[in-house]
């Protein structure tokens, strides 16, 4: 439940990028993780909900990969 509340807060603050297009677990998820690391301070969290070969799988990454997301995780506005 805490995770769902945190993801909702990220979404409300504009810090959750939802990706619904079908992706491959490899190399797409790894490439996305690498790319968010290179964005810098304002990098959003990523949410994938359509992973090829996995039924009902969801992946959230980079949830605390920026100072804004850390602030949101502690209940502060970004």
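The values are calculated or read from the model by the stated rules, or taken from the named source; none is laboratory data. This structure is a prediction, so every number in the text was calculated from the model and none was measured. Positions of Cβ are backbone-derived with ideal geometry, glycine not excepted, and every protein chain shown enters the neighbour counts.
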### Query
Which of the residues that make up segment 36-47 are touching a strand residue (DSSP E or B) at 6+ places or on another chain (Cβ under 9 Å) and farther than 14 Å from residue 14 by Cβ?
36
### Hits in segment 39-78 - residues which are at pLDDT 95 or above and at positive phi
53
